[in-house]
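Here is the structure we will look at.
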Amino acid sequence: MKKKSDLSKLMEYAGTYKYLTYASWVLSAISAFAALLPFVYIWRVIKEILDAAPNYELAHNITQNGISAVMFAVIAILIYIAALMCSHLSAFRVQANIRSRAMRHIVTLPMGFMDGIGSGKARKIVYESSAATETYLAHQLPDKANALATPIGLLVLLLVFDWRLGLLSLAPIVVAFILMSVMTGKRMVEKMKEYNNALAQMSNEAVEYVRGISVVKTFGQSVFSFKRFKAAIDNYEKWVIAYTKDLRLPMTFYTTLVNAIFAILIAAALLMTSNGVTNEFLLNLMYYIIITPVITLTLTKIMYASENKLIVADAMSRIDSILDLEPLSESKKPKHPRDNSVELCGVSFSYSGSEKNAVDNVSFKINSGEHAAFVGPSGGGKTTIASLVPRFFDVQSGEVKVGGVNVKDIPKGELMNTVSFVFQDSKLLKTTVLENVRLAKPSASRDEVLKALHDAQCGDILEKLPNGIDTVIGAKGVYLSGGEQQRIAIARVMLKNSPILILDEATAFADPDNEAKVQAAFNMLAKDKTVLMIAHRLSTVTNADKIFVVENGKISEMGTHSQLTARDGLYNHMWQQYNKAANWKVGVLEK
């Protein structure tokens with residue numbers, strides 16, 4: 001099957017607007033021909049002056065020819081403006097459709113997709129790559145049509161008056177065109193890919209660095225403390241310098257050739273007029289010197305259009321890299337959970353690019369209404385296990401079941417309504433408290449939102465906000481602490497009222513006062529629900545129905561708090577260390 005060209009793909013995004021793109025090419029080509037007509041009238045003006053010299057009063061048609069030249073120049077401009085209007089309408093539609101399609105596809109991907117690609121890189125692909133197509137369609141393609149039509153008209157104008165001078169004008173152009181082909185050939189395609197890879201990596205690392213800038217400032221570190229960011233900058237610097245050096249010589253020769261046509265004409269004229277100069281030859285020489293800058297401009301347009309074509313090819317490749325990702329599969333015969341139990345059967349999972357399993361042959365069952373806790377060393381796989389339940393990722397082997405049904409067979413909407421997730425660093429949008437909570441249930445009434453906020457222990461937060469529930473968070477100095485944001489996020493989950501709840505280090509950023517309120521909110525939230533809680537503070541899991549100790553992607557121990565502390569295992573060791581840390585006090589030196 002023949003591979004579609006990038007232009008064909010862009011026209012598919014354009015829909016019926018593609019005819020505006022085609023119209024822009026035609027209008028731009030007509031504009032190119034119209035823009036050459038003033039040179040004909042300029043030739044007539046020069047001819048009449050030379051013929052009339054030294055009796056210039058005999059030149060009667062100079063004004064008429066001058067007006068005609070200006071008129072056709074204006075007409076060329078107006079036609080070109082019409083071409084750009086058509087191309088921009090189509091380009092904006094293509095750009096919007098690419099972004100819409102990319103975002104709609106991203107929504108269908110596993111929710112862990114963003115963790116793997118990085119927010120900076122995803123933003124660059126969706127927004128900057130689509131913006132590259134807009135520039136290409138709106139400006140470069142009409143300019144390319146203009147630049148391709150211009151040589152046809154120029155060829156006629158160059159050869160019709162004096163074919164010898166015409167051929168001399170074309171000779172350096174042929175050499176320059178060969179150089180341009182070398183600069184924009186297959187090797188350049190790979191170079192452009194390398195350039196965008198380096199730029200994307202630097203953009204992604206910049207976003208991650210900015211997110212961690214508070215840590216850098218707190219500990220008095222410099223940018224170099226973020227080695228990956230500095231390495232990305234260094235890599236980009238090395239690439240750009242090497243690339244610039246590679247193109248230095250060909251670009252120098254190209255620029256010299258396209259700008260030195262008039263010099264070649266003058267040198268040739270000296271040889272051709274050794275036996276004397278005729279008015280006709282002088283006329284044609286002056287005409288060719290005037291018109292040759294158009295050749296330079298035309299070649300430059302073609303070169304930049306070729307370069308932009310490479311940029312668009314790379315942009316389309318990156319957009320396709322997202323669109324080609326497989327969305328979460330949907331069963332053709334959907335099933336519905338029988339209850340609110342959660343079960344993993346021989347589950348193994350590894351992140352893309354990793355040779356080691358993050359979850360390795362894990363099996364357990366949490367019955368409806370039970371509260372289960374996952375504890376263990378950092379990086380052991382606790383969050384990954386929890387993320388598999390709502391299908392943030394799909395397992396490579398084994399089954400994840402909710403209500404006795406494989407999560408892959410449950411409709412995505414139903415699964416999302418069945419499972420709620422409270423992250424350790426919950427995010428709020430820059431909108432009102434009401435709308436932030438209502439995200440969980442857009443149809444919720446104001447009273448329902450207020451009840452959820454009350455149950456989440458948010459009364460003190462609303463009291464201090466200038467407009468209560470209608471206060472916009474993040475505007476005019478209204479900001480909330482980490483613990484307060486967490487309680488608002490809990491209110492959101494309460495409003496959703498899903499039967500299965502996953503808490504991932506949900507008190508990690510709370511101060512003692514907020515932690516007490518968050519815990520009270522959790523107690524209200526967890527009533528009659530199946531709860532999977534990931535915790536580092538072991539004091540929060542002592543009353544759990546089941547405790548799973550996760551180590552190196554495996555369940556090393558499981559049982560109740562009393563059962564696990566009675567054994568000489570990892571949990572017991574962690575419990576003893578936790579108690580030592582909890583009872584540790586700063587000593588006061590006696591005077």
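Points to keep in mind about this one:
- Check on Val437, crowded, with 18+ Cβ neighbours inside 10 Å and closer than 30 Å to Gln577 by Cβ: no
- Members of segment 342-380 that are in a loop (DSSP other than H, G, I, E, B) and either of a type in the set (D, E, K, R) or not assigned by TED's automatic domain parsing to the domain that holds Lys408 (or both): Glu355, Lys356, Glu370
- Qualifying residue in segment 445-454 (condition: over 13 Å from Ile488 (Cβ atoms) and touching a Lys or Arg at 6+ places or on another chain (Cβ under 7 Å)): no
- Looking only at segment 428-456, and only at residues there that are under 18 Å from Ser481 (Cα atoms) and in contact (Cβ under 8 Å) with a residue 60 or more places away in the chain, the one that is farthest from the chain's Cα centre (by Cα): Ala456
- Number of residues in segment 331-358 that are more than 31 Å from the chain's Cα centre (by Cα), under 16 Å from Thr384 (Cα atoms) and at pLDDT below 90: the value is 0.
- Residue among Asn97, Asn65 that alone is assigned by TED's automatic domain parsing to the domain that holds Gln140, modelled with pLDDT of 80 or more and surrounded by 19 or more Cβ atoms within 10 Å (Cβ to Cβ): Asn65
- For Ser443, the stated conditions hold: it is of a type in the set (Gly, Ala, Ser) and in a loop (DSSP other than H, G, I, E, B).
- The residues in segment 470-493 that are assigned to a helix (DSSP H, G or I), among the aliphatic types (A, V, I, L, M) and surrounded by fewer than 18 Cβ atoms within 10 Å (Cβ to Cβ) can be counted, and the count is 0.
- Flag for Val395 being in contact (Cβ under 8 Å) with a residue 40 or more places away in the chain, over 28 Å from Glu343 (Cβ atoms) and not in a strand (DSSP E or B): no
- Failed condition for Gly459, given (1) under 35 Å from the mean Cα position of the chain (by Cα); (2) more than 24 Å from Phe421 (Cβ to Cβ); (3) not charged (D, E, K, R): (1)
- Here Ile490 does not fit the description of being in contact (Cβ under 8 Å) with a residue 12 or more places away in the chain and farther than 20 Å from Ile534 by Cβ.
- Members of segment 243-258 found to be surrounded by fewer than 16 Cβ atoms within 10 Å (Cβ to Cβ) and either of a type outside the set (A, V, I, L, M, F, W, C) or without any contact (Cβ under 8 Å) to a residue 24 or more places away in the chain (or both), listed by number: Thr244, Lys245, Asp246, Arg248, Leu249, Pro250, Thr252, Thr255, Thr256
The values are calculated or read from the model by the stated rules, or taken from the named source; none is laboratory data. The model shown is predicted, which means the values in this text are computed figures rather than measured ones. Every residue, glycine among them, receives a Cβ derived from its backbone with ideal geometry; neighbour counts consider all protein chains shown.
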